[in-house]
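I have a structure here, written as structure tokens, and I will follow up with some questions on it.
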Amino acid sequence: MKKILKKKIQIINETPTYPMRINKYLALKNIATRRGADELIENRKVFINGKMAALGSKVLETDKVDVREGKDKKAYVYYAYNKPIGVITHSPQEGEQDIKQKIKKLNIPEGVFPIGRLDKDSHGLILLTNDGRITDKLLNPKYIHEKEYVVKTKEKLRGNFKEKMERGVRLEDFKTKPCTVEIINGNTFKVTLTEGKKHQIRRMCSALFQEVEDLKRIRVMNIHLGALKPNTFREIKDKELSTFLDQVLHQS
């Protein structure tokens with residue numbers, strides 16, 4: 001049973017047409033892949049209007065479909081969290097506080113952990129989940145994900161700053177990938193990256209003779225920080241979640 005639950009979920013972005021084969025229906029509802037749905041059916045776990053489903057069974061939009069998977073089914077949850085300045089993402093040292101400690105008093109289920117990092121002096125969007133399937137997909141540099149930041153510098157931005165940032169900046173051990181920069185005012189800009197090296201934006205700015213005063217992450221892929229206040233969260237669900245999981249789980 002657990003093997004089925006660990007398989008990638010296939011999310012279908014199409015207009016449903018009924019009657020529909022039961023395995024396609026379960027895939028559409030993000031319950032299992034079509035192959036995983038067939039295994040659930042073979043294991044007598046799927047019921048249509050109270051009757052056990054068979055391979056090839058079809059359902060109508062008005063039918064009631066139940067999947068009786070037992071107590072070992074893990075309910076995945078996903079949250080957008082606004083990390084405050086001064087909070088460590090992982091592995092706090094003595095006297096420091098990390099996200100897990102910070103969210104203990106919030107109404108978030110146990111077992112939820114942050115995906116990725118945001119340094120102590122930065123703030124903004126961190127994704128929280130108990131879904132280990134997406135960790136490598138989000139953190140492995142071979143996969144491309146947009147992350148957007150608002151950055152304020154102490155000094156006025158130089159005239160060629162946008163051009164040089166977008167082209168890629170030579171740092172000590174590598175050159176950054178091309179990015180997108182939008183100038184907001186004399187010392188504030190938005191930047192969208194597709195990579196996430198340690199302190200990358202601060203290092204890029206430093207290499208271009210600009211010192212960062214404030215750094216805020218406002219978006220990861222299609223998940224936006226929005227109006228979340230520091231140390232508050234919201235659940236990611238419905239279409240927003242479907243789009244996110246579709247992009248994360250089905251990349252190669």
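The values are calculated or read from the model by the stated rules, or taken from the named source; none is laboratory data. Note that the coordinates shown come from a computational prediction; the quantities given were computed from them, not determined experimentally. FYI the Cβ positions are ideal-geometry reconstructions off the backbone, even for glycines, and counts take in every protein chain you see. Calculation scope for accessible area: heavy atoms of the full protein, side chains included, ligands and nucleic acids excluded. Shrake-Rupley method; radii C 1.70, N 1.55, O 1.52, S 1.80 Å.
Show that you can apply the helix-only estimate: for the chain, add -39,500 (n - 2.57) for every DSSP H stretch of four or more residues, divide by all residues, and state [θ] at 222 nm to the nearest 500.
-5500 deg cm²/dmol
Just report the Cα centroid separation between the stretch 43-105 and the stretch 16-38, whole Å.
Result: 19 Å between the Cα centres.
Please list His90, His199 in order of solvent-accessible area, largest first, computed with a 1.4 Å probe with all protein chains present.
My answer, sorted largest first, is His199, His90.
Return one whole number: the accessible area per residue of the stretch 125-252 in Å², for a 1.4 Å probe.
Here the per-residue accessible area is 53 Å².
If you line up the long axis of helix 238-249 against the longest principal axis of the chain, both from Cα atoms, how many degrees apart are they, to the nearest 10?
So the helix axis and the longest Cα principal axis differ by about 80 degrees.
Where the centre of each part is set by its Cα atoms, how far does the stretch 231-252 sit from the stretch 117-136, in angstrom?
Taking the Cα centre of the stretch 117-136 as reference, the centre of the stretch 231-252 is 13 Å away.
Restricting the count to DSSP beta bridges whose residues both fall in the chain, what percent are antiparallel, rounded to a multiple of 5?
So the antiparallel bridges in the chain amount to around 95 percent.
A further question follows. Ignoring ligands, DNA and RNA, what percent of the 1.4 Å accessible area of the chain is carbon and sulfur?
48
Given the whole protein assembly as supplied and a 1.4 Å probe, what does the accessible area of Met204 come to in Å², nearest 10?
0
Counting other Cβ atoms within 10 Å, keep those with at most 11, restrict to DSSP loop, and tell me which chymotrypsin sites (Phe, Trp or Tyr not before Pro) in the stretch 166-232 are left.
Loop-located and lightly packed - Phe209.
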